[in-house]
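Written below as structure tokens is the structure these notes are about.
Derivation of every value follows stated rules applied to the coordinates shown; laboratory data play no part. These figures come from a predicted structure and were not determined experimentally. Heads up, the Cβs are rebuilt from the backbone with ideal geometry, glycines too, and the neighbour counts pull from every protein chain shown.
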Amino acid sequence: MKATLEERFRKKLLKIGKKNKFLRLCIIPAVVVGVSFFHAVRYCRGNGKRFAMMAMTFLLFVVYSSFSFPMFTAEEGTEEWNSISEEAQGIDLAEEEEINIEDFELLDDDDVLPEGEKIPETVHGMDIGERFNTSDILEYNQHRLPAESPAAAAAEDYEDYEFSPDDWRLILINKQNSIPEGYEEKVPLGNINTMKGVMHCDERIIDDLLAMIQTAKDDGVTLQICSPYRDLEYQEYLFNRKITYYMNKGLSYMEAYRLGSQAVTVPNASEHQLGLALDIVSDTFIKLVEGFGDTEAGKWLAANSYRFGFILRYPKGKEDITGIEYEPWHFRYVGVEAATLITEKGITLEEFWEEYL
Ligand SMILES: [Zn+2]
């Protein structure tokens, strides 16, 4: 009887296997894999679900084994590590550098401006980036100084004063309450002429502001005013610069946004757009940093600004209420009645709204 093709093939294979034991060791697993694959394909043919399950199992196996590959798990110096070839040890894993958002310094508005670059005139249309020395302001505005300092008024107790939520001086702007549409067009912007140029803020606060810087000067403190009024365009410009800066340092957009909004207020949530807020420092300390609070001028402002209707808007320890870091330089006009009450009680404008309006 003639042997079939399969029988002859099997015989030949066995012969080779007997002659060469090493080859047998290699061929058997190969045959096993080949046969299993053939059966698996036959088993799955015409059954998509079964095939998908098999594919998933295979995929999971591949994924799992890539994570457990010794080169990626062995620690340097261990026996396992030593058993890995030298070449493999030399491979630097592209380890993702962990970025800690806490390590980032909060930026001042001026920090995001390229060194020496003046803010383009078209961005804000006015001398906003300038610092205004208050001696200079006083010299130019002697005629405007109120004959009688409003300081006397602040001595009263305002607990029973009838505050109105419609009072323009009390408008609450923060991350939750953005500037009402059309507000900016209605701000009666006033000019304060100085040697350096014109400074802008709400016309209605200028008398009290002048009285404050005059009194400070009389007390031996020369203040400097920066960025009194900013329009939306400029606020956006500053904010975007800050986001870009942080993103270039490796933060994601969301992280950069979170960090950026802690230091400079997000567009349409800045009191500078109201014309009611001023960043005030002194001629001997011109940086917008926490340390300003410990200077003579910082202390004078914190203690006396309320007499002229101003409050330290973002106090230390109230960050969770205001949503803004401690800013000993940022003063907001709220009128002498509210300023006196807020300062006396040690509360924020947010808390004032909650309790008195
Ligand atoms: Zn400010």
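The table below lists the values:
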| item | result |
| --- | --- |
| Ranked list, fewest to most other Cβ atoms within 10 Å of each Cβ, for F292, F285 | F285, F292 |
| Length gained when the stretch R258-E351 is fully extended (0.36 nm per residue, less Cα-Cα span) | 31.2 nm |
| Computed lengthening from V33 to L14, 0.36 nm per intervening residue step minus Cα-Cα distance | 5.0 nm |
| With 10 Å bins from 0: P(r) over the stretch 223-273, alpha-carbon pairs, percent | 27, 47, 22, 3 |
| Exposure proxy ranking, count of Cβ atoms within 10 Å, fewest first, for R332, R241, R144 | R144, R241, R332 |
| Sorted by Cβ density within 10 Å, fewest first, the residues D207, D202, D320 | D320, D207, D202 |
| Too-long pairs where the Cα-Cα distance tops 26 Å, listed order kept, from K217/K318; K196/K318; K287/K318; K242/K299; K186/K217; K186/K299 | K217/K318; K196/K318; K242/K299; K186/K217; K186/K299 |
